[in-house]
Amino acid sequence: MQNFPSKSSRGIGTSSLILIVVLILIFAGIGYRLARNPAPTLVLQERVQGIGVNTPVTFEVRDTSYAIKKVQVQVAQNGKIYPMPLTEVKNLTPPGPAGWRFWRHKPATTLQFSARVGRKQAPALQPGHATLLITAVNDSWGRFFRGGEASIRLDLPVRFAPPQVDVLTTQHYINQGGCDMVLFKVSPGTIRSGVEVGNLFFPSFPVQEAKPEIRLAVFAFPWDMDPSTPAHLVATDDAGNNTIANFDYKVFPKKFHQSTMDLTPEFLNRVVPPIMTQSGIDDQGSILKNFLYINGKLRQQDADRLVEFSKQTNPTFYWTEPFVQLGNSKVEAYFADARTYVYDGAVVDHQTHLGYDLAVVAHTPIAAANDGKVVYAGWFDIYGNAVIIDHGAGIQTLYGHMASVDVKAGDTVKRGQIIGRSDSTGLAGGDHLHFSVLLDGIPVNPTEWWDPHWIHDRIEAKLKPYQ
């Protein structure tokens with residue numbers, strides 16, 4: 001007689017198979033959790049380009065699910081590992097909920113760290129190259145209970161000597177409110193160089209793309225800076241090493257014009273309301289207070305914007321000829337005019353006029369002073385409808401109070417090209433062009449840039465041996 005398995009034995013076999021499958025899935029899930037790497041996120045706060053004597057490194061560690069249990073910074077060179085001291089700058093992690101339980105959602109962890117790396121921390125480091133390694137580990141089950149790990153690995157040059165700066169030009173004569181140019185050579189690895197005048201920095205640019213070590217820097221002594229303020233060449237390399245170098249220069253003090261401007265109700269009622277509506281200014285309580293806000297705070301905001309626009313400069317000159325003044329124009333106000341504003345017989349304000357006011361006839365066509373690229377075209381507060389043209393290496397020109405603008409940002413323009421027409425928009429008493437020359441956003445005397453002899457002596461003759 002043939003025997004068949006009982007129902008109970010068949011049931012046991014099926015249950016066992018299901019149990020085995022379930023156990024396999026459980027162990028597979030556990031194995032996956034153990035093998036994976038739920039790493040935190042590492043973000044450098046500033047780019048690190050080299051290792052020097054005492055190079056700063058700042059970074060942030062973030063984790064949305066786990067706590068951070070270890071963070072370290074190391075430098076590796078020639079098979080040796082050098083640990084670097086680390087400081088926790090800030091813990092941006094919000095506090096957890098009251099009555100903390102493991103099943104509650106943990107707040108995201110965010111920690112900020114700073115470190116110093118270099119020969120000061122590891123005297124055995126040698127010039128050449130090394131590897132900077134930043135590591136962060138959380139308390140997850142990842143990597144078989146070792147925790148999820150994130151790392152940043154950077155192969156960097158190691159430099160301990162400060163960059164070299166060799167001055168190539170000899171004569172530097174600067175009128176207060178004006179400019180000059182210095183040429184110099186920097187050593188390999190230099191990433192930032194230029195001229196410091198007091199608290200101002202005028203960056204350098206390569207004379208030729210093929211020879212980036214030969215640099216030019218147009219610099220200025222602004223109208224309001226003490227002529228005795230020291231000026232230096234400065235350079236920083238990719239490892240953070242700094243150099244300060246001297247060069248020969250002489251500053252000639254200048255006296256600037258002074259003028260008085262009587263404010264009438266008719267003038268205020270004509271210029272103030274359009275500026276308030278176009279620039280989004282809240283009413284300060286009276287027409288005079290509105291004017292003073294525009295003439296002071298808004299004027300300063302516009303000055304800050306000019307510095308921002310200067311960062312869009314081209315690294316090389318667009319132009320090859322001197323700048324041109326508006327044809328047949330009469331000068332109505334000079335550069336650095338110290339203006340006293342009088343209302344109803346009382347002095348109410350003092351400001352400095354930082355450009356030339358040039359008048360011809362109403363709606364005169366405005367020509368670009370030189371070749372360049374438009375970086376701004378449109379309403380510009382106290383300047384009304386305005387155009388800003390970049391001419392390269394930090395030099396820009398501003399055209400204000402225009403009736404119409406015939407160019408747009410991004411347009412390339414040629415010397416003498418019509419870019420719009422004059423008017424009295426913005427803070428203007430009548431139809432004219434406000435013209436400013438800007439160096440890194442700082443107004444300088446336009447007369448130098450209109451002068452072919454000055455252009456030859458200060459720019460062309462200095463560049464010729466290195467072009």
I want the antiparallel fraction of DSSP beta bridges within the chain, as a percent rounded to 5.
90 percent
Can you give the relative contact order of the range 298-456 as a percent, counting alpha carbon pairs under 8 Å and 6+ residues apart?
28 percent
For 321, 448, what ranking results if the residue with the fewest other Cβ atoms within 10 Å of its Cβ goes first?
321, 448
Could you run the Debye sum over the Cα atoms of the range 165-254, one equal point scatterer each and no solvent, and tell me log10 of I(q)/I(0) at q = 0.11 Å⁻¹, two decimals?
-0.29
Karplus 3J(HN,Hα) series, Hz, for the range 195-208 with 6.51 cos²θ - 1.76 cosθ + 1.60 (x for Gly, Pro):
10, 9, 10, x, 9, 9, 10, 10, x, 9, 9, x, 5, 10
Restricting to lysines and to Cα separations under 29 Å from residue 185, and discarding same-chain partners fewer than 8 apart, the set is 120, 211, 250, 311, 373, 462, 464
Whose amide H sits under 5 Å from the amide H of residue 89, counting only residues 5 or more places off or on another chain, with H placed in the peptide plane?
112, 113, 114
C-alpha long axis of helix 265-279 to longest principal axis of the chain, angle in °
20 degrees
Does the range 338-467 come out rounded, prolate or oblate by the C-alpha gyration tensor, with a ≥ b ≥ c the root eigenvalues, rounded set by a/c under 1.5 and, if not, prolate when a/b is larger than b/c and oblate if not?
oblate
Under the rule a/c < 1.5 gives rounded, and otherwise a/b versus b/c splits prolate from oblate, where does the chain land using the Cα gyration tensor?
prolate
Percent antiparallel among DSSP beta bridges confined to the range 165-254, rounded to 5, stands at 90 percent
Global form of the range 38-81, assessed from the alpha-carbon gyration tensor, a/c cut-off 1.5
oblate
At q = 0.14 Å⁻¹, work out log10 I(q)/I(0) for the range 225-359 with the Debye formula, treating every Cα as an identical point scatterer and leaving solvent out; two decimals please.
-0.98
Phi-based couplings in Hz for the range 171-180 (Karplus 6.51, -1.76, 1.60; Gly and Pro marked x):
9, 9, 10, 10, 7, 4, x, x, 10, 7
Helix 299-310 versus the longest principal axis of the chain: what is the Cα-based angle in degrees, 0 to 90, to the nearest 10?
70 degrees
With loop defined by DSSP as not H, G, I, E or B, and exposure as at most 16 other Cβ atoms within 10 Å, which is the longest segment of the chain clear of exposed trypsin sites (Lys or Arg not before Pro)?
147-253
Per-residue ellipticity at 222 nm attributable to helices in the chain (runs of n ≥ 4 DSSP H, -39500 (n - 2.57) apiece, nearest 500 deg cm²/dmol) works out to -5000 deg cm²/dmol
Normalized C-alpha radius of gyration of the range 290-357, against 2.2 N^0.38 Å?
1.50
Estimated dipole of the chain in Debye, rounded to 20 [Cβ of Lys and Arg +1, of Asp and Glu -1, Cα centre]
3360 debye
Once amide hydrogens are built 1.01 Å from N within the peptide plane, the residues lying 5 or more places from residue 176 or on another chain with amide H under 5 Å from its amide H are 252, 254
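Where a number appears in this text, it was derived from the coordinates with a stated rule and is not lab data. As the structure is a computational prediction, the values presented were derived from the model and not from experiment. No Cβ is skipped: glycine too gets one built from the backbone with ideal geometry, and neighbour counts run over all protein chains shown.
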